[in-house]
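Read the structure below first, then the notes.
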């Protein structure tokens, strides 16, 4: 051990001056600080992604009040309201966390500019679907007096429900929505279509038109325990109605990268179409390996994100997707266009569906706050939910036309919304809408 | 055709591909563990760093893929040496012990992962390494790619090269001497500090090679190293002895078991199978089985 004991002496003599050591110390400290900063998801009211400060006046917001309602003291101006946001800030789904953070921050900025309250955003990290982290985050927010939470991953795969319900804290989810299994849950509402279920009818009808010989359908999806069962049951029902059958049902871990075993098992069933229930980077990994698997089935995924496309590269040119997509090329209405312009200006990147949903959710919260204040009630989760139930329709980035903003209406029984959805194809990581649909049927085929 | 009948050869091939990969990762980990006594969890850092360096050099700087590959392996090797020189050895000199080094290694892994997220922070920091002529081949109904073939050939070339190095070169014999009896090695004048650096350099280079393959096969992501390090640990732990071919065969066996479990189980159970094998091994390994397996391996590697 003698040579180890003398190590420090020789180390300093030969290689390290005090200046070098101080530099090294600073580097390690910076690394630790960076890790702590990312792990904690940033300070209260500060986005974890290092979002630049708002640039006031960058986009003309003068028509915002005309579209979404009046501002002023009766709409919460001058008040500070805590807004809890539970996102995938780290882990394989951190793309979502970052883009949702940007949408939320922009929404908060626009609400304030339109004469609404000052939302004090408190970000928490659920580490890409870690139910323990999700429940812990919700508990911390409830203990902090938060009355409304914006969540993702379907109430972080259901884990926040046992926390928010007894505390009577309202939660809106525009990331994963309610799914089938968390519908009709008190204090929990989805602001997107039920995924992937709501796409099944439209996709099956589109396949019948474009791939008339396709009969054998395989399903590859995240293993989310009992939440899988109603999805598969409904899929079988839809396929049977369209003269198709489910020939394989493969479950994979969230965040899986190696699909060699899954692809071998699916290949053995000789499917014509593979429907994937994969999100985050996972569809990118899947497609990258799928194109060299020797199969010729058409893959139809549950979403498109540029991040997953970056992983898959040219393999994504063989990928179709189906979900409640936010169209950047043809904005639904003038508010959508304003959002897209403002987002591009603020972040120097295109927004996506998730950014749009979280931006829109901030405005839904503002509308609820406005209604509660108009009745001289305190801002509590219970009062906010009652305000939602009394009038479940809200202004939306989705729908509408060139002159009128759209609306979304919550189903008071199911706690979800029926949004316009699309089927899209990809070329060079550019998505292109080829069909539109709702949860019942295909509405329009463009290609 | 019988589903199982068609499935088996494909899963077997997948198992050979992944198992060869696991074998080399296990070999690097085992070499470091057995010669230096460091439980080098920061192997994950080396792995991840090599993948990102290859992507950055190839795609951001525009260096040809082959050169970027080589430089990434060099960086991986240096990163391992630096970890030993700057973190582990001073800790060991200060009486940090095995636990102290393990905790430092874990901390280093967390910090490095977050620094990578900050450095390549756009989106989820995922970067795919393109440029390898990726072609699928189908032979007797079994599909694999040119990248898979390259990885398997590289793996076994490295295993045999390391076996030759350790058995037939003076430096290899010195490494073996330090592994078997470090005190005696010091007494006879061997500089064990240099030997430690050498095995960190070699072990980390092995991780670097397959990190670059992983960036081509999947993508470079900040947390890509930990899962592979855990597999490397399982392989290193289960390998009977430290001879390169033995460790590589253990990795191959683990890959085959993991892949062939797909005959009966869905893919989400594959990680459970890997650690299940370790558990069964730890719980049930009788001395007789160990001796019998050692005899078999001696015959195979003779």
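Any residue at all in region A:187-195 that's assigned by TED's automatic domain parsing to the domain that holds residue A:78 and over 17 Å from the mean Cα position of the chain (by Cα)?
yes
For residues that are surrounded by fewer than 17 Cβ atoms within 10 Å (Cβ to Cβ) and within 19 Å of residue A:334 (Cα to Cα), tally how many sit in region A:377-398.
The qualifying residues number 1.
Let's see how each residue does on (1) at pLDDT 85 or above; (2) assigned to a helix (DSSP H, G or I); (3) facing another protein chain (nearest Cβ under 9 Å):
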{"residue": "B:233", "(1), (2), (3)": "yes, yes, no"}
{"residue": "B:251", "(1), (2), (3)": "yes, yes, no"}
{"residue": "B:257", "(1), (2), (3)": "yes, yes, no"}
{"residue": "B:261", "(1), (2), (3)": "yes, yes, yes"}
{"residue": "B:272", "(1), (2), (3)": "no, yes, no"}
{"residue": "B:275", "(1), (2), (3)": "no, yes, no"}
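Under the condition of being crowded, with 24+ Cβ neighbours inside 10 Å and more than 15 Å from the chain's Cα centre (by Cα), which residue from region B:12-37 is nearest to the other protein chains (Cβ to nearest Cβ)?
B:14
Check off (1) out of contact with any helix residue (DSSP H, G or I) (no Cβ under 7 Å at 6 or more places or on another chain); (2) surrounded by fewer than 24 Cβ atoms within 10 Å (Cβ to Cβ) for residue A:151 and give me the number that stays unchecked.
(2)
Could you tell me whether region B:48-55 includes any residue that is crowded, with 17+ Cβ neighbours inside 10 Å, out of contact with any strand residue (DSSP E or B) (no Cβ under 7 Å at 6 or more places or on another chain) and without any contact (Cβ under 8 Å) to a residue 24 or more places away in the chain?
Yes, there is a match, as at least one residue in region B:48-55 is crowded, with 17+ Cβ neighbours inside 10 Å, out of contact with any strand residue (DSSP E or B) (no Cβ under 7 Å at 6 or more places or on another chain) and without any contact (Cβ under 8 Å) to a residue 24 or more places away in the chain.
Give all pairs with beta carbons closer than 7 Å in which a residue from region A:381-406 that is without any contact (Cβ under 8 Å) to a residue 24 or more places away in the chain meets a residue that is assigned to a helix (DSSP H, G or I); count only pairs at least 6 apart in sequence or on separate chains.
Sorted first by the residue in region A:381-406, then by its partner, the pairs are A:383/A:372; A:387/A:368; A:387/A:371; A:387/A:372.
What are the residues in region A:398-441 that are assigned to a loop (DSSP other than H, G, I, E, B) and out of contact with any strand residue (DSSP E or B) (no Cβ under 9 Å at 6 or more places or on another chain), if any?
Scanning region A:398-441 gives A:401, A:402, A:403, A:404, A:412, A:413, A:428, A:429, A:440, A:441.
Of all residues in region A:239-255 being within 9 Å of another protein chain (Cβ to nearest Cβ) and closer than 28 Å to residue A:215 by Cβ, which is surrounded by the most Cβ atoms within 10 Å (Cβ to Cβ)?
A:252
Hey, among B:143, B:138, which residue is in contact (Cβ under 8 Å) with a residue 40 or more places away in the chain, more than 23 Å from the chain's Cα centre (by Cα), over 30 Å from residue A:98 (Cα atoms) and within 14 Å of chain A (Cβ to nearest Cβ)?
Exactly one of B:143, B:138 is in contact (Cβ under 8 Å) with a residue 40 or more places away in the chain, more than 23 Å from the chain's Cα centre (by Cα), over 30 Å from residue A:98 (Cα atoms) and within 14 Å of chain A (Cβ to nearest Cβ), namely B:143.
I need the full set of residues from region B:94-134 which are more than 30 Å from residue A:100 (Cβ to Cβ), surrounded by fewer than 18 Cβ atoms within 10 Å (Cβ to Cβ) and at the interface with chain A (Cβ under 10 Å from one of its Cβ atoms), in order please.
B:94, B:95
It is to be established whether one or more residues within region B:112-123 are under 27 Å from residue A:292 (Cβ atoms), touching a residue at least 40 places away in the same chain (Cβ under 8 Å), in a loop (DSSP other than H, G, I, E, B) and within 22 Å of the chain's Cα centre (by Cα).
Checked region B:112-123: no residue is under 27 Å from residue A:292 (Cβ atoms), touching a residue at least 40 places away in the same chain (Cβ under 8 Å), in a loop (DSSP other than H, G, I, E, B) and within 22 Å of the chain's Cα centre (by Cα).
Being at negative phi, assigned by TED's automatic domain parsing to the domain that holds residue A:163 and not in a helix (DSSP H, G or I) is true for just one of A:395, A:389. Which residue is that?
A:395 is the lone residue from the list that is at negative phi, assigned by TED's automatic domain parsing to the domain that holds residue A:163 and not in a helix (DSSP H, G or I).
Yes or no, residue by residue, for (1) in the same structural domain as residue A:269 (by TED's automatic domain parsing); (2) touching a strand residue (DSSP E or B) at 6+ places or on another chain (Cβ under 9 Å); (3) at pLDDT 95 or above:
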residue: A:168; (1), (2), (3): no, no, yes
residue: A:171; (1), (2), (3): no, yes, yes
residue: A:175; (1), (2), (3): no, yes, no
residue: A:180; (1), (2), (3): no, no, no
residue: A:207; (1), (2), (3): yes, yes, yes
residue: A:234; (1), (2), (3): yes, no, no
residue: A:238; (1), (2), (3): yes, no, yes
residue: A:245; (1), (2), (3): yes, yes, yes
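Residues A:220, A:203: which one is within 22 Å of the chain's Cα centre (by Cα), over 20 Å from residue A:130 (Cβ atoms), at pLDDT 95 or above and within 14 Å of another protein chain (Cβ to nearest Cβ)?
Answer to the selection: A:220.
Looking for whichever is more than 23 Å from residue B:266 (Cα to Cα), within 13 Å of chain B (Cβ to nearest Cβ) and touching a residue at least 40 places away in the same chain (Cβ under 8 Å) here; the options are A:282, A:307. Which one fits?
A:307
Of the residues that sit in region A:266-279 and are out of contact with any helix residue (DSSP H, G or I) (no Cβ under 6 Å at 6 or more places or on another chain) and at the interface with chain B (Cβ under 9 Å from one of its Cβ atoms), which one is surrounded by the most Cβ atoms within 10 Å (Cβ to Cβ)?
Step by step, filter region A:266-279, then rank; the result is A:267.
When you go through B:151, B:155, B:177 one by one, which is the residue that is assigned to a helix (DSSP H, G or I), in contact with a helix residue (DSSP H, G or I) (Cβ under 8 Å, 6 or more places away or on another chain) and within 14 Å of chain A (Cβ to nearest Cβ)?
After ruling out the rest, the residue left standing is B:151.
Of the residues A:292, A:257, which is on the phi < 0 side of the Ramachandran plot, at pLDDT below 90 and out of contact with any strand residue (DSSP E or B) (no Cβ under 7 Å at 6 or more places or on another chain)?
Answer to the selection: A:257.
Can you tell me which condition residue A:85 does not meet? The list is (1) surrounded by 24 or more Cβ atoms within 10 Å (Cβ to Cβ); (2) away from chain B (no Cβ under 14 Å); (3) in a loop (DSSP other than H, G, I, E, B), and all the others hold.
Status for residue A:85: all satisfied but (3).
Looking at residue B:201, is it in contact (Cβ under 8 Å) with a residue 24 or more places away in the chain, surrounded by 16 or more Cβ atoms within 10 Å (Cβ to Cβ) and within 13 Å of another protein chain (Cβ to nearest Cβ)?
Spelling it out, it is not the case that residue B:201 is in contact (Cβ under 8 Å) with a residue 24 or more places away in the chain, surrounded by 16 or more Cβ atoms within 10 Å (Cβ to Cβ) and within 13 Å of another protein chain (Cβ to nearest Cβ).
In contact with a helix residue (DSSP H, G or I) (Cβ under 7 Å, 6 or more places away or on another chain), within 30 Å of residue B:92 (Cβ to Cβ), within 14 Å of chain A (Cβ to nearest Cβ) and in contact (Cβ under 8 Å) with a residue 60 or more places away in the chain: does that describe residue B:45?
yes
Under 19 Å from residue A:226 (Cβ atoms) and surrounded by fewer than 24 Cβ atoms within 10 Å (Cβ to Cβ) - does that describe any residue in region A:115-130?
yes
Out of (1) in contact (Cβ under 8 Å) with a residue 60 or more places away in the chain; (2) touching a helix residue (DSSP H, G or I) at 6+ places or on another chain (Cβ under 6 Å); (3) within 14 Å of chain B (Cβ to nearest Cβ), the odd one out for residue A:291 is which?
(1) is the only condition that residue A:291 fails.
Can you find, within region A:159-179, the residue that is farthest from the chain's Cα centre (by Cα) among those that are in a loop (DSSP other than H, G, I, E, B) and over 23 Å from residue A:360 (Cβ atoms)?
Within region A:159-179, the match that is farthest from the chain's Cα centre (by Cα) is A:168.
The values are calculated or read from the model by the stated rules, or taken from the named source; none is laboratory data. Computed from a predicted structure; not experimentally measured. Cβ sites come from the backbone with ideal geometry, for glycine too, and all protein chains shown count toward neighbours.
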